[in-house]
Structure formats: structure tokens, C-alpha cells
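In what follows, a structure is listed as C-alpha cells, so that the remarks can point back to it.
The values are calculated or read from the model by the stated rules, or taken from the named source; none is laboratory data. What you are looking at is a predicted structure, and each value in this text was computed from that prediction instead of being measured. Positions of Cβ are generated from backbone atoms using ideal geometry, with glycine treated the same way; all protein chains shown enter the neighbour counts.
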Amino acid sequence: MLISHRCGKSIIRLAQKVVPDIEADPHQIEGTVAVVNHQTVLANLQGGDLLICRFNAPLFSWCLAALRAGYSATIRGRDIGKSLVSFARNYLDEPTDWPDVWWERFNQLVAAEILQLAETNQKQKAEALQDRYWSISYCYNELGGSCHSFDLFAQKLLNLFNDDSRKQIVFSSIHRAKGDESDRCFILKADCLPYVDKAKKSWQIEQEYNLLYVAITRAKKELYLVPFGKNDSVVYSPGVPLEVLDKPPEEIISFPVLPETDSRDKATQSPEFLIDTKIESQQCDEKPKDTVVQLSLF
């Protein structure tokens, strides 16, 4: 039997739908689990909050919105920023191409690459490329106008990342959040979990269950599920309280039947340590505004 000393009892009851063998510390508080209106989240964030997502692109749109609203916010994983800068730089032939020539080339070539991958039945790679495209697009739409060079844009993008962020609002992929904890955790696009749509092999499905378990158990006291659709933008409405929706978590998150695992593994391994942190985020159906690429592969 696995005992969680981190999470409130209500949070562990939800985690039991993924890992039945987990139990809450009997001395822990009850805690809170709720589905909330995404339009009321931004105005009610607090320092130290953790916001996680299965995909990267929403992290950029939400973090940028938080910074606009005056919060101290950061994205976990500076190597993600470096990878995105390298990706964007691939489409810059000359420094003088910035910004217009680069932006046009970036849109056209990435669109062609995504279509080629989709047409050759490489949808996971196509979705991963879309996620990177939208991440860059959010940053360009927000930061690019004030940058006289690509290097300045790259630096501003990298400044969004800070792995020493104890007093800030932290945005993180679920992969990166392994080992993190916070009194309050918000799961962005919780309605996409577990993301098994493109998982064809048993180990891929198991990996998504592991991610779901990790996501649920990052919260110590309050866990908020934040569903939103592809056309929903991040809203900042000061003074509006956090709205709890009359929906059970089971209506938002799919809890499929777990694959059989060897009982010896259950006795010796915590699901947190089964996750392969190298697999990239693959999909997000939220599109940034004012972009050329408008593809939907799923």
C-alpha cells in the first residue's frame, strides 16, 4: 500500500481512480478538489500557485497573460526556451529578415512541414510541431513588436523561464512538474486528460495514466481542474471570485481501466517514477490569434 503524505484526502480519493493502491495520510487535511471556470482563474492567482498542462502552448498564452496582469510569473524548464529559440532561428536566414520576412517564412514553411507529416501518417510528429509553432506564435504576438532584432526577441522569450521560482506563479508541463508540489495546483485543459487519443501501444497509454497521476498529486491542499476549448481565450477579470462549476471531476477527466501490472511492481514502485520525462508534449487545440497556420489534425 502506498501512503501519500503530501496531498489532502479528497485529492488522494481522485488519485485512487488512477492508482487504487494509494492511500492518504490519515492525519492529512480533507483538501479541495473542484472544477472551475477558466475565465475566473487568472484574477484569483496567488504567489506560489502551480499551473500545469499536458501541452506547452497553453503555458505561454497563460503566462504571458499573467505577466500582462502584473503577476510575477515564470515557465518551468529553461531548456524548453532554448529549444524554442533554436527552432525559431532555423527560419532566419539573415538578421535583416527580422521581423516580417522571418514571420512569413516561419508560417509558410512550418505549415508545409505539418501538412507533409500529416499526409504521411506521422500525426504525433505533426502535433508536436504544431505545439512548438503555437508556442512561438504566442510569444511573437506578445513580445515581437517591441523587439528590433531576433536576438532581443530570443532573450525576452528566454526571460520567461526561471527554474528558481519559489515565490512566483509557476507554469509547467506535467512532465516538468514531476517532483514539484504546491498548496494550490491548477490543471489547465484538464478535459484533455489522459491524452490517449494518439496512443497506440500499451506503454504509451500507461505513460498517459502516469502523467494523470502526477498531475493530480502535485496539489497539497487545493486542486482545481480548468477545462477550456480551442476558441476560449485567457481572461483577466479583477474582482471576480473563482467560480466553482457544478461538475464532478469525472465529467472532465476520463478515468479508463488501467492496464494490468505485475503485483511486484506495484509493491516496489510509485507511479511518479514510471514517467518518461523525455516524451514531448504533443497536442493542444487552442490556436493563437493572428497567425497564418490554421490547421486541425485532430
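Using the structure shown, decide if Lys200 is modelled with pLDDT under 95, more than 29 Å from Ala88 (Cβ to Cβ), outside any strand (DSSP E or B) and among the basic types (Lys, Arg).
Criteria met by Lys200.
Would you say Val234 is assigned by TED's automatic domain parsing to the domain that holds Gln39, closer than 30 Å to Leu117 by Cβ, at pLDDT 95 or above and touching a helix residue (DSSP H, G or I) at 6+ places or on another chain (Cβ under 7 Å)?
Spelling it out, it is not the case that Val234 is assigned by TED's automatic domain parsing to the domain that holds Gln39, closer than 30 Å to Leu117 by Cβ, at pLDDT 95 or above and touching a helix residue (DSSP H, G or I) at 6+ places or on another chain (Cβ under 7 Å).
Keeping to the range 127-137, report how many residues are in contact (Cβ under 8 Å) with a residue 60 or more places away in the chain and within 12 Å of Ala88 (Cβ to Cβ). Walk me through it before giving the result.
Of all residues in the range 127-137, those in contact (Cβ under 8 Å) with a residue 60 or more places away in the chain come to 127-128, 130-135, 137.
Now narrow it down to the ones that are within 12 Å of Ala88 (Cβ to Cβ): 132-133, 135, 137.
Qualifying residue count, the range 127-137: 4.
Pick from Lys167, Lys156: which is in contact (Cβ under 8 Å) with a residue 12 or more places away in the chain and part of a loop (DSSP other than H, G, I, E, B)?
Exactly one residue qualifies, and that residue is Lys167.
What residue, among those in the range 8-33 that are in a strand (DSSP E or B) and crowded, with 17+ Cβ neighbours inside 10 Å, is modelled with the highest pLDDT?
Within the range 8-33, the match that is modelled with the highest pLDDT is Val33.
Output the residues belonging to the range 35-91 that are of a type in the set (Ser, Thr, Tyr) and part of a strand (DSSP E or B).
Within the range 35-91, just Thr74 meets the criteria.
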